[in-house]
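Peer 1: Sharing a structure below in structure tokens format, with a few things to ask.
All of the numbers you see were taken from the coordinates with simple rules; none came from a lab. Note that the structure is predicted; figures quoted are calculated from it, not measured. Backbone-built Cβ (ideal geometry, glycine too); neighbour counts: all protein chains shown.
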Amino acid sequence: MRVAAIIVAAGRGERFGGLKQFAQVNGESITARSVRNARSVASHVVVVVPESYEGDGEGADETVCGGSQRSDSVRAGLARCGDYDVVLVHDAARPLASPALFARVLDPIAKGASAAIPGLSVTDTVKQTMERDDEVIVEKTIEREHLVTVQTPQAFRRDVLVRAHAGNPQATDDAGLVERLGERVVVVDGERFNVKITEFADLEYVTQGVK
Ligand code: CTP
Ligand code: MG
């Protein structure tokens, strides 16, 4: 199985207030750390960067410019993975995804699955809300037994991911596009500390986790 990885690092970081993916932690950028983790399983790593990027490639084998939405950036990376059987897609903003997790999402693919993603069981009670008279009120409580929250890295057979992206659709994750094809997506255990840096406070959490 020849494995390539796409590290998407072309976002604007609007909620963070800047290009979070290039913040430094322990002398290394968030993106460089994600590239390094992906390299534990991938023989080719493509990093997708903003057009304004002037860095040295974050340790990846190839650097390409992304697009305005995440799915556009994934497609820019996917165009550089033509020689590979399996493609991993990973958010640069998740620098704590461990090499073990990268290996775990590849297991189902090696056994014939088209797609595998990390998921975490929901431990908090989940409620659906609605707005009424300027207040947010509870509409109902959601049964959480079968709910998972989903992370990256996500692993795909390359031909399936290419089909999922045909017609340039948008989605917050690639598995969502594969689901639309009717393909089976396998869920493996995610990692509690594999947070996505979204708000500025998340950087503090990640700094604690990087040793
Ligand atoms: N991403 C990307 N291209 C985009 C949008 C997002 O490569 N057009 C990447 C981000 O750099 C990040 C990952 O996708 O590594 C997850 O996206 P998100 O956490 O939403 O990051 P941003 O889009 O940068 O943040 P925000 O939505 O707050 O602007
Ligand atoms: Mg975003």
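Peer 1: Of the chain, which part is the longest with no GluC sites (Glu not before Pro) in a loop (DSSP not H, G, I, E, B) and with at most 16 other C-beta atoms within 10 angstrom? Spell out each step's value before the answer.
Peer 2: On the way: sites that count: E14, E51, E54, E143, E145, E191, E199.
With GluC sites (Glu not before Pro) excluded where exposed in loops, the chain gives 55-142 as its longest stretch.
Peer 1: Moving on to the next point. Taking amide H positions as placed 1.01 Å from N in the peptide plane, with prolines and chain starts having none, which residues 5 or more places from V188, or on another chain, fall under 5 Å of its amide H?
Peer 2: Here the answer is I117, G119, since their amide H atoms fall under 5 Å of that of V188.
Peer 1: On to the next question. Mind giving me the FRET efficiency for S52 and V150? R0 is 25 Å, r the Cβ-Cβ distance, nearest 0.05 is fine.
Peer 2: Step by step, r from the Cβ atoms, then E = 0.30.
Peer 1: Label point 7 Å out from Q24 along Cα-to-Cβ: which residues of the stretch 82-118 have amide N under 14 Å?
Peer 2: Of the residues in the stretch 82-118, none has backbone N under 14 Å from the label point off Q24.
Peer 1: Something else about it: Between Q69, Q21, Q151, find the one with the highest GNM mean-square fluctuation for the chain; connect C-alpha pairs within less than 10 Å.
Peer 2: Looking only at Q69, Q21, Q151, the biggest GNM fluctuation is shown by Q69.
Peer 1: Next question. Restricting to Cα pairs below 8 Å that are 6+ residues apart, what does the relative contact order work out to for the stretch 68-171? Please round to a whole percent.
Peer 2: Contact order relative to length: 39 percent.
Peer 1: Quick one: what do you get for the stretch 3-209 if you divide its Cα Rg by 2.2 N^0.38 Å?
Peer 2: Here the answer is 1.04, to two decimals.
Peer 1: May I ask what percent, to the nearest 5, of DSSP beta bridges between residues of the chain are antiparallel?
Peer 2: 45
Peer 1: Let me ask another. Could you pull out which residues in the stretch 71-111 have an amide N less than 12 Å from a spot 7 Å beyond the Cα of D159, following the Cα-Cβ vector?
Peer 2: In the stretch 71-111, the label zone of D159 (backbone N under 12 Å from the point 7 Å along Cα→Cβ) covers 85-86.
Peer 1: Could I ask something else about it? Compute the relative contact order of the chain as a whole-number percentage, counting only Cα pairs closer than 8 Å that sit 6 or more residues apart in sequence.
Peer 2: 25
Peer 1: With label points built 7 Å along Cα→Cβ from the Cα atoms of K196 and A166, find their separation and express it in nm.
Peer 2: Distance between label points: 2.7 nm.
Peer 1: Per-residue HN-Hα couplings for the stretch 50-60, Karplus 6.51 cos²θ - 1.76 cosθ + 1.60 at θ = phi - 60°, whole Hz, x for Gly and Pro?
Peer 2: So the Karplus estimates, Gly and Pro as x, are x, 4, 6, 4, 10, x, 9, x, 6, x, 7 Hz.
Peer 1: Taking springs between alpha-carbon atoms closer than 10 angstrom, which of D124, D174, D83 fluctuates most in the Gaussian network model of the chain?
Peer 2: D124
Peer 1: Continuing with the same structure: When the chain is modelled as a GNM with alpha-carbon springs shorter than 10 Å, which of V35, V178, V136 fluctuates the most?
Peer 2: Among V35, V178, V136, the largest GNM mean-square fluctuation belongs to V136.
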